[in-house]
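This report refers to the structure that appears directly beneath it.
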Amino acid sequence: MKNKRMFWNIVEKIETLIDSGGYPPGSRLPPERELAESFSVSRPTIREAIIALEVRQRVEVKTSSGVYVLEMNHNKQDNKPVSAFELTQARALVEGEAAALAAVTITEPELIKLKLTLDAMQSGINAEQADREFHIIISTATRNNAILLAVENLWKLRDTREEIKNAYKNVCSQSDSDRLEEHRVIYNALKNRDSQAARSAMHHHFNRLINALFAVSEAKALEEVKRKSNETRGLYSLSHLVN
């Protein structure tokens with residue numbers, strides 16, 4: 001057990017050096033002998049640590065060349081496909097609970113900020129930015145940084161994925177009045193310190209949004225069917241023979 005603890009201890013020390021820039025990505029680690037001397041452990045312990053680091057994709061062992069530090073891919077999961085429907089469902093679940101919690105913890109200055117975002121949405125000036133700020137203020141009011149981070153990451157998906165951006169744009173541009181009224185209901189629930197009403201209002205907001213997304217999607221699908229049908233009709237039409 002002592003050797004095992006020592007081996008993991010070396011793994012942690014090397015990872016710390018990598019993360020702090022001591023061993024930057026692309027650089028080669030010192031030879032096994034030097035590492036053993038540096039950490040005052042045996043060479044077999046260093047070998048085990050290197051194997052673990054390779055499994056964890058922190059280093060790459062190149063035969064007859066050495067051990068090289070790999071670039072950490074922090075955005076590895078960003079390549080997974082996410083639809084507008086999945087995003088909206090996730091936002092409803094997370095932000096519904098955020099609203100319920102914020103109803104208990106939100107401060108008067110934060111309520112004032114929320115009211116200002118409603119005024120901005122009503123004026124139509126930077127309405128999209130005001131919408132985003134509304135949801136972030138609520139998440140901040142939960143006093144839970146994990147919730148805030150989750151909501152910010154969901155908004156990042158909304159703002160950076162072209163398919164999602166286009167889907168939301170088509171919906172939001174057609175329902176400004178509905179969106180404003182739904183945000184007002186959420187605001188009033190928070191102002192009244194009513195957790196259940198805040199959760200319900202947030203769920204209602206996203207339910208309307210996801211139904212609108214389905215309506216737009218169905219309309220596009222129908223348009224595509226009509227387009228393909230017209231192409232086929234033009235290809236096989238006999239009208240030039242009967243006219």
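Observations on the model:
- Summed over the stretch 29-46, the residues that are surrounded by 14 or more Cβ atoms within 10 Å (Cβ to Cβ) and among the charged types (D, E, K, R) give a count of 1.
- Across the stretch 124-174, the number of residues qualifying as small (Gly, Ala, Ser), in contact with a helix residue (DSSP H, G or I) (Cβ under 8 Å, 6 or more places away or on another chain) and more than 25 Å from ALA103 (Cβ to Cβ) comes to 2.
- Qualifying residue in the stretch 159-170 (condition: out of contact with any Gly (no Cβ under 7 Å at 6 or more places or on another chain), of a type in the set (Phe, Trp, Tyr) and modelled with pLDDT under 90): yes
- Out of GLU60, GLU48, GLU71, one residue alone is modelled with pLDDT under 90, out of contact with any Ser or Thr (no Cβ under 9 Å at 6 or more places or on another chain), closer than 30 Å to THR16 by Cα and not in a helix (DSSP H, G or I). It is GLU71.
- Residues in the stretch 190-203 that are charged (D, E, K, R) and either assigned to a helix (DSSP H, G or I) or open to solvent by less than 20 Å² (accessible area, probe 1.4 Å) (or both): LYS191, ARG199.
- Checked against the criterion of being modelled with pLDDT of 90 or more and in contact with a His (Cβ under 9 Å, 6 or more places away or on another chain), the candidates GLU110, GLU86, GLU95 yield just one match: GLU95.
- When LYS191 is tested against (1) at pLDDT below 80; (2) of a type in the set (Lys, Arg); (3) under 30 Å from ALA102 (Cβ atoms), exactly one condition is not met: (1).
The values are calculated or read from the model by the stated rules, or taken from the named source; none is laboratory data. If you're wondering where the values come from, they're calculated on a predicted model, not measured in any experiment. Methodologically, a virtual Cβ is constructed for each residue, glycine included, from the backbone with ideal geometry; neighbour enumeration extends over all protein chains shown. To get the accessible areas, we keep the full protein, side chains included, count just its heavy atoms, and leave off ligands, DNA and RNA. Shrake-Rupley method; radii C 1.70, N 1.55, O 1.52, S 1.80 Å.
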